[in-house]
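Below is one structure, written out as structure tokens; comments come after it.
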Amino acid sequence: MRYFIELSYNGEKYHGWQNQPNAISVQEVIEKALSTLLRSKTAIVGAGRTDAGVHAKQMYAHFDTDIVFNQTELTFKLNSFLPKDVAIQKIHQVKKDAHARFDATGRTYEYLIVSAKNPFYNQSAHTVYKQLNIDLMNEAAQELFNYNDFKCFSKTHTDVKTYICKLEKAVWEQKGELLVFTIRADRFLRNMVRAIVGTLIEVGLGKLSIEGFKKIIESRDRNKAGTSVPGKALYLTAVTYPAETFTTHG
């Protein structure tokens with residue numbers, strides 16, 4: 001049978017989601033706990049690959065097993081085995097061909113910025129002390145919808161076959177002391193959100209014009225885009241699937 005694990009994690013102590021040869025990952029700690037409890041080596045496949053330090057409020061991963069278990073009980077036991085910074089919300093039984101990565105139709109990220117020193121956001125938000133022009137940043141963000149090739153915001157030397165992404169949302173909102181950038185698309189390239197945020201900050205600081213922002217996208221050159229902002233302030237907040245993904249019939 002195939003199952004989806006719905007989970008969340010604080011990525012501060014992890015070298016990203018995906019298994020690494022010489023560094024601890026979220027995938028590794030879950031696979032170890034799952035394999036121990038099922039008494040069988042069990043691999044999981046995630047909905048995506050978050051970078052080092054990046055968090056997830058909602059993430060999915062799938063695994064296959066012939067072992068019969070109670071989903072509620074296994075959820076409880078996994079949470080007992082896992083470190084405090086990784087939590088399992090639910091285990092869903094799904095169709096045999098359901099795929100956590102390839103069946104996902106959308107992913108939503110948030111990036112958090114504070115404008116002053118704040119001890120409560122040291123490890124969870126990015127501090128920008130200078131005044132940002134949020135209206136200009138939103139104007140530039142809207143320009144993203146005129147494009148679908150985002151190679152300029154992608155980490156170089158990756159193994160992707162296409163740089164095409166379909167954006168659904170990109171907006172800056174002031175929420176109390178936090179400036180929050182929300183972006184949703186069908187898929188994201190490696191480092192893409194952090195590079196977009198870094199470039200939009202340059203717009204907000206008056207260092208880059210809207211026209212200059214458009215030229216960066218059209219250049220398809222990562223060297224022309226802004227510096228990637230720190231991963232500690234980035235959150236994967238939602239992964240969406242077609243409703244039929246969570247049915248076991250057929």
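Every number in this text was worked out from the coordinates using simple rules, so none of it is lab data. Bear in mind the structure is a predicted one, so any value in this text is a computation, not a measurement. Cβ placement follows ideal geometry from the backbone for every residue including glycine, while neighbour counts extend to all protein chains displayed.
Taking θ as phi - 60° and the Karplus parameters 6.51, -1.76 and 1.60, the scalar couplings of the stretch 47-63 work out to 6, x, 10, 7, 6, 4, x, 7, 9, 9, 7, 9, 9, 10, 8, 10, 8 Hz in sequence order, x denoting glycine and proline. Is the C-alpha gyration tensor of the stretch 76-185 telling us rounded, prolate or oblate? Criteria: a/c under 1.5 is rounded; beyond that, a/b larger than b/c is prolate, otherwise oblate. Oblate, because a/c is 1.5 or more while a/b does not exceed b/c. Counting 0.36 nm for each residue step from LYS207 to LYS13 and taking away their Cα separation leaves a gain of 66.5 nm. Fully extending the segment from THR72 to TYR129, taken as 0.36 nm per residue of separation minus the present Cα-Cα distance, adds 15.9 nm.
Please say if the stretch 1-149 is rounded, prolate or oblate, where rounded means a/c under 1.5 for a ≥ b ≥ c the square roots of the C-alpha gyration tensor eigenvalues, and otherwise the choice is prolate for a/b larger than b/c and oblate otherwise? Prolate, because a/c is 1.5 or more and a/b exceeds b/c.
Calculate the FRET efficiency for VAL171 and PHE102 from the Cβ-Cβ distance with a Förster distance of 30 Å, rounded to the nearest 0.05. The formula returns an efficiency of 0.65 here. The stretch between ASP221 and GLU244, if pulled fully straight at 0.36 nm per residue, gains 4.4 nm over its current Cα-Cα span.
Kindly identify the chain as rounded, prolate or oblate by the Cα gyration tensor criterion: order the square roots of the eigenvalues as a ≥ b ≥ c, call it rounded if a/c is under 1.5, otherwise compare a/b with b/c, prolate if a/b is larger, else oblate. Prolate shape, in that a/c is at least 1.5 and a/b is the bigger ratio. Measuring between alpha carbons in the structure, the pairs from LYS13/LYS155; LYS84/LYS151; LYS175/LYS232 lying more than 28 angstrom apart are LYS84/LYS151.
Model label points for SER115 and MET1, set 7 angstrom from Cα along the Cα-to-Cβ axis, are 5.3 nm apart.
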